[in-house]
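Visitor: This is the structure I want to talk about, given as structure tokens.
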Amino acid sequence: MAFVTRQFMRSMSSSSTASASAKKIIVKHVTVIGGGLMGAGIAQVAAATGHTVVLVDQTEDILAKSKKGIEESLRKVAKKKFAENPKAGGEFVEKTLSSIATSTDAASVVHSTDLVVEAIVENLKVKNELFKRLDKFAAEHTIFASNTSSLQITSIANATTRQDRFAGLHFFNPVPMKLVEVIKTPMTSQKTFESLVDFSKALGKHPVACKDTPGFIVNRLLVPYLMEAIRLYERDFQTCGNSNSGLGFSLKGDASKEDIDTAMKLGAGYPMGPFELLDYVGLDTTKFIVDGWHEIDVKNPLHQPSPFLNKLVAENKFGKKTGEGFYKYK
């Protein structure tokens, strides 16, 4: 009888452990790696929805700039959200800011975090080195997520020993947008996936699920559309050294960029035309995505590079952030 009792208790204990391990992680503490536009935005929305956040970057100067940007953004939100109660708006700003700490040492702050969201440079080697290092210091339950918009999540996850606790969490610019893509690799556990869906909802987002396919959902459809707009514009252009355009090209496109933008706004109901959107996203970013896809699938006509786009990027004309892209900005 004693033996049977011990076996029963052991079985119950084993079942309880299995049940606990199957429970979703309730994300309360978030570590965001990267204090740029996306990282700061993720930190802001997480802190504004009751999460404690540590924002990490390489220098105190970068972090100070990030914190200032977050404060300015929060004050705009508060002005609109608490238009009838400025005092409540001020309290909202202060409370949110108090929930964001900063650090230049990622390894020292991930030991107690529930989720690490990476939003650094789109370079697979750099991301792999980061996650490989953090994997040694993060808690067993900690979920890792990358905000990459173009790299394969599986390739990043393979740098760690927690492939089952690794997924993509793709936010959009600006981060307060409602949409977030939750990317599940073949190794991502259902518990991890559901935990990230719940976290996204807690941020006030509308999560959509996608497998680890190039570009996920939005960029997979959006980037080929943008590239086709460029091809429509540059169709049949020929090199001409003394072109009046100053670009070294004699453009003989099927339509002007202005008419293409107008057509898509009025005809398809898009808020921005493709060239306006390209300049907003960044021509360097678009080129990076297309080049990566082209390398993977050279024969795919949707992934063919654009000579005109390449030339603008080579001239450091990235769009709004540099003052000039397809259009000029004051």
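Visitor: Quick one: which residue in K125, K79 is more than 30 Å from A159 (Cα to Cα) and either part of a helix (DSSP H, G or I) or at pLDDT below 95 (or both)?
Guide: Only one candidate qualifies: K79.
Visitor: Then there's this: Tally the residues that are of a type outside the set (G, A, S), assigned to a loop (DSSP other than H, G, I, E, B) and at pLDDT 95 or above, restricting the search to region 254-279.
Guide: Qualifying residue count, region 254-279: 3.
Visitor: Further, regarding this structure: I'm trying to understand the selection: among the residues of region 37-62, which are within 16 Å of L169 (Cα to Cα) and small (G, A, S)?
Guide: Scanning region 37-62 gives G39, A40, G41, A43, A46.
Visitor: A47 fails exactly one of the following numbered conditions: (1) open to solvent by 60 Å² or more (accessible area, probe 1.4 Å); (2) at pLDDT 95 or above. What is the number of that condition?
Guide: (1)
Visitor: While we're on this one: Would it be correct to say that F82 is under 25 Å from V197 (Cα atoms), aromatic (F, W, Y) and open to solvent by 20 Å² or more (accessible area, probe 1.4 Å)?
Guide: no
Visitor: Taking region 107-122 only, how many residues are surrounded by 15 or more Cβ atoms within 10 Å (Cβ to Cβ) and modelled with pLDDT of 95 or more?
Guide: 10
Visitor: Looking only at region 208-236, count how many residues are closer than 12 Å to L278 by Cβ and among the hydroxyl-bearing types (S, T, Y).
Guide: So the answer is 2.
Visitor: Identify, please: which residue in region 280-314 is open to solvent by 70 Å² or more (accessible area, probe 1.4 Å) and of a type in the set (D, E, K, R) and is, among those, modelled with the highest pLDDT?
Guide: Among those that are open to solvent by 70 Å² or more (accessible area, probe 1.4 Å) and of a type in the set (D, E, K, R), it is K299.
Visitor: Here's another thing I want to ask about it. For region 74-108, which residues satisfy the criterion of being in contact (Cβ under 8 Å) with a residue 40 or more places away in the chain and under 30 Å from F137 (Cβ atoms)?
Guide: Passing the criteria: T96, L97, S99, I100, A101, T102, S103, T104, D105, A106.
The values are calculated or read from the model by the stated rules, or taken from the named source; none is laboratory data. Since this is a predicted model, take the numbers as computed values, not measurements. FYI the Cβ positions are ideal-geometry reconstructions off the backbone, even for glycines, and counts take in every protein chain you see. Note: areas computed on protein heavy atoms with side chains; ligands, DNA, RNA excluded. Shrake-Rupley method; radii C 1.70, N 1.55, O 1.52, S 1.80 Å.
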